[in-house]
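The values are calculated or read from the model by the stated rules, or taken from the named source; none is laboratory data. Just so it is clear, the model here is predicted, and its values are computed rather than measured. Using ideal geometry, Cβ is built from the backbone for each residue, glycine included, and neighbour counts are taken over all protein chains shown. Note: areas computed on protein heavy atoms with side chains; ligands, DNA, RNA excluded. Shrake-Rupley method; radii C 1.70, N 1.55, O 1.52, S 1.80 Å.
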Amino acid sequence: MKFNGRKLSVEAEKNWERLEEIPIKELIGSALRAREKAYAPYSGYAVGAALLTNELRIYTGCNIENAAYGPSICAERTAISKAVSEGWRRFKAIAIAGGPKGETISGYAYPCGVCRQVMREFTDPEQFLVIVAKNETDYRIYDLKELLPDSFGPESLNE
Ligand code: THU
C-alpha cells in the first residue's frame with residue numbers, strides 16, 4: 001500500500017488510517033532542522049529527530065557526542081529525554097534524519113538498538129511509527145514492532 005506516494009512496510013500498513021493524523025512532513029522538517037544542531041565532532045555523523053507526543057506536541061533532538069565517547073547520546077534519546085522531562089510520556093511517532101555532517105542526506109538513518117529500547121519504554125510497539133527520512137519527500141515508515149520484535153517492556157516485569 002502507498003501513502004502520500006510512499007511505500008509503507010507491511011506492518012505499517014495496518015496503521016495507515018492513523019498516518020493521516022501524523023504531520024509527516026512537519027516532523028521530517030523538524031528533524032532536519034534539529035540535525036543542524038548536532039554536536040558530532042568525533043564521528044562526523046549528524047542526526048536529527050522529531051518526536052510527536054499523543055497531544056501533538058513536537059520535541060526535537062540531535063546527537064551530542066563526548067570526548068570520552070561513552071557519554072554520547074543519540075538524537076532520538078535527546079528528543080525523548082526532553083519530552084519526558086517536561087511531563088510528556090506517550091508518543092505517536094518519531095522522524096529521524098542522519099548522515100555525514102554538512103552533506104545532503106543520501107541514506108536512511110535507522111535508530112540504534114538502545115534507542116529502539118528507549119522508544120519501547122514509552123510506546124505501544126504496534127502503534128508507534130518510526131519515520132526514517134532523507135528529506136520531506138523521500139522517507140520510509142515502520143512501526144516499532146518491526147524494528148524491535150518480541151521486545152521486553154514495562155509490563156514484562158509483571159509476567
Ligand atoms: N546516532 C544517532 O544519533 N541516532 C541514530 O539513530 C544512529 C546513531 C549518532 C550517535 C553518534 O553520535 C553518531 O550518530 C554515529 O554513530
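Can you tell me which residues in the range 23-37 are of a type outside the set (D, E, K, R) and either in contact with a His (Cβ under 6 Å, 6 or more places away or on another chain) or part of a loop (DSSP other than H, G, I, E, B) (or both)?
Of everything in the range 23-37, just one residue is of a type outside the set (D, E, K, R) and either in contact with a His (Cβ under 6 Å, 6 or more places away or on another chain) or part of a loop (DSSP other than H, G, I, E, B) (or both), namely P23.
What pairs come out if I take residues in the range 47-63 that are farther than 16 Å from C115 by Cα and pair them with residues that are part of a strand (DSSP E or B) and open to solvent by less than 10 Å² (accessible area, probe 1.4 Å) whose C-beta lies under 8 Å away, six or more apart or interchain?
If the second residue must be part of a strand (DSSP E or B) and open to solvent by less than 10 Å² (accessible area, probe 1.4 Å), the pairs left are I58/A50; I58/L51; I58/L52.
Restricting to the range 83-102, what's the tally of residues that are more than 14 Å from the ligand (Cβ to nearest atom) and within 16 Å of A31 (Cβ to Cβ)?
Total satisfying the criteria: 4.
Any residue in the range 63-74 that is within 13 Å of the ligand (Cβ to nearest atom), closer than 21 Å to E26 by Cα and either open to solvent by less than 20 Å² (accessible area, probe 1.4 Å) or outside any strand (DSSP E or B) (or both)?
Yes, the range 63-74 contains at least one residue that is within 13 Å of the ligand (Cβ to nearest atom), closer than 21 Å to E26 by Cα and either open to solvent by less than 20 Å² (accessible area, probe 1.4 Å) or outside any strand (DSSP E or B) (or both).
Yes or no, residue by residue, for (1) under 12 Å from the mean Cα position of the chain (by Cα); (2) of a type in the set (K, R); (3) on the phi > 0 side of the Ramachandran plot:
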position: G29; (1), (2), (3): no, no, no
position: R35; (1), (2), (3): no, yes, no
position: Y39; (1), (2), (3): no, no, no
position: S43; (1), (2), (3): no, no, no
position: G61; (1), (2), (3): yes, no, no
position: T78; (1), (2), (3): yes, no, no
position: S81; (1), (2), (3): no, no, no
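Are any residues in the range 43-60 within 14 Å of the ligand (Cβ to nearest atom) and more than 17 Å from P100 (Cα to Cα), and if so, which ones?
Answer for the range 43-60, where residues must be within 14 Å of the ligand (Cβ to nearest atom) and more than 17 Å from P100 (Cα to Cα): A50, L51, T60.
Is it the case, given these coordinates, that Y142 is aromatic (F, W, Y) and either in a loop (DSSP other than H, G, I, E, B) or over 14 Å from the mean Cα position of the chain (by Cα) (or both)?
no
Applying the selection to the range 38-60, what residues are in contact with a Cys (Cβ under 8 Å, 6 or more places away or on another chain) and not in a loop (DSSP other than H, G, I, E, B)?
Y39, A46, V47, G48, A49 - these are the residues of the range 38-60 that are in contact with a Cys (Cβ under 8 Å, 6 or more places away or on another chain) and not in a loop (DSSP other than H, G, I, E, B).
Residues of the range 17-42 being near the ligand (Cβ under 10 Å from one of its atoms), surrounded by fewer than 21 Cβ atoms within 10 Å (Cβ to Cβ) and within 12 Å of G98 (Cα to Cα), which ones?
Passing the criteria: only A40.
Considering the range 79-100 alone, what residues qualify as being assigned to a loop (DSSP other than H, G, I, E, B) and either loosely packed, with under 14 Cβ neighbours inside 10 Å or in contact with a Cys (Cβ under 7 Å, 6 or more places away or on another chain) (or both)?
Answer for the range 79-100, where residues must be assigned to a loop (DSSP other than H, G, I, E, B) and either loosely packed, with under 14 Cβ neighbours inside 10 Å or in contact with a Cys (Cβ under 7 Å, 6 or more places away or on another chain) (or both): E86, G87, R89, R90.
Does V84 meet the test of being of a type in the set (V, I, T) and touching a residue at least 60 places away in the same chain (Cβ under 8 Å)?
When the stated conditions are applied, V84 does not pass them.
Kindly check whether there is at least one residue in the range 104-119 that is part of a strand (DSSP E or B), open to solvent by 50 Å² or more (accessible area, probe 1.4 Å) and not aromatic (F, W, Y).
no
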